[in-house]
1. Can you confirm whether I272 is surrounded by 18 or more Cβ atoms within 10 Å (Cβ to Cβ), under 22 Å from the mean Cα position of the chain (by Cα), in a strand (DSSP E or B) and not small (G, A, S)?
2. How about the stretch 132-170: which of its residues are more than 21 Å from the chain's Cα centre (by Cα) and of a type in the set (S, T, N, Q)?
3. Please verify whether L314 is out of contact with any helix residue (DSSP H, G or I) (no Cβ under 8 Å at 6 or more places or on another chain), among the hydrophobic types (A, V, I, L, M, F, W, C) and over 21 Å from P117 (Cα atoms), treating the condition exactly as stated.
4. I need the helices (runs of 4 or more DSSP H) fully contained in the stretch 49-148, keeping only those with at least 1 residues that are aliphatic (A, V, I, L, M), farther than 29 Å from A253 by Cα and in contact (Cβ under 8 Å) with a residue 60 or more places away in the chain.
5. Does K277 satisfy the condition of being among the basic types (K, R), under 13 Å from the mean Cα position of the chain (by Cα) and not in a strand (DSSP E or B)?
6. Of the residues K246, K238, K266, which is under 13 Å from the mean Cα position of the chain (by Cα), over 26 Å from Q183 (Cβ atoms) and of a type in the set (D, E, K, R)?
7. In this structure, is Q317 touching a Leu at 6+ places or on another chain (Cβ under 9 Å) and either outside the structural domain of P157 (by TED's automatic domain parsing) or more than 30 Å from I91 (Cβ to Cβ) (or both)?
8. Pick out the one residue from N282, N250 that is free of Cβ contacts under 8 Å to residues at least 12 places away in the same chain and of a type in the set (S, T, N, Q).
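The values are calculated or read from the model by the stated rules, or taken from the named source; none is laboratory data. As the structure is a computational prediction, the values presented were derived from the model and not from experiment. Glycine also receives a Cβ, built like all others from the backbone with ideal geometry; neighbour counts cover every protein chain displayed.
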Amino acid sequence: MDGLNNKFLGMSRLAAYWLQRGFFTCLLLTCSLTQANTLLLLSSDASYYKDTAQSLQTTASALGVPANSFTIVTIEEARRSKSFSKTYQLIVAIGTSAAYEALQEGGSTPLLNIFTPKNAFDAFDASAERQPHHQISAIYLDQPLSRMIALGCLLKPDAKIFGTIFGPISQEVQPDIQALTQQKGILLKHSFLSPEDNPVAILKPVVSESDLFIAIPDHAILNRAIAKWILYLSFQQKVPVIGFSKAYTNAGALASVYSSPEDIGKHAGELISSWLKNDDENLWLPQYPRYYTLSTNPAVARSLGISIPPENQLYKQFQQQTELKQ
């Protein structure tokens, strides 16, 4: 009887041992993910930064990253709470101001920049303030030019001449857009504009000689200064405009392709989850946003005699167009 009791006791201890090992293994796995603290640094409390952070957190949480592993603060809140004195596995800077702040204050903590224009990221990627071997990456705010060209071709397939204006920043992409239009058999009519130029004098001949105008983002100040003239002249000349924001569409562009805060947050949440859980190095490849939004202006389309397909059909056709370029 004693032998049976001793055998039972031994088996109980063995079971307890393995249960304890299993418990601690699960605990370690859970803790390693829970302690993967990520700082989401917002440039301000503007709604589009908040919406980006919320989309990121929601997406990552749905993929198994605990919601409480994210700390969300604005730059001002981070300064007051001394957030940069704490240890994080990753900093996500949302917006250009947050990117510069994180670069200066974040030390060597890996840094992902989102909702940041490509030219801004390129500038601080090459900055002397960046520490050697500091891991930084970005999901750009900009769209790949191929999407804008594809949308123009889809909505006005008979267009033979595309027009555009290059500013001090966007002039860098001139060879790219020329190559893309040439592949489509389209002539690119373009000119260059500086803040000192008369925008009407530069824009008018380009718009008047084009079948469709592509608005390419540049400096924010320049964007605001010329947008009204692009839309005014295009309306006058009956030339459709492809823009880069919903505001552009609402103001009179035929259509725009852009990535919303929800689009960019979703992309970032997927990348971060895959990196935290699977050590996926794709996070460290600077990239254009995976997801995008199309907006159209039916009133402008009617005035130009252009037929716009229903939204679901438009997205399907657009996806087919862009996949052909990949």
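1. In short, no.
2. T164
3. no
4. It comes to 96-105.
5. The answer is no for K277.
6. Only one candidate passes the filter, namely K266.
7. yes
8. N282
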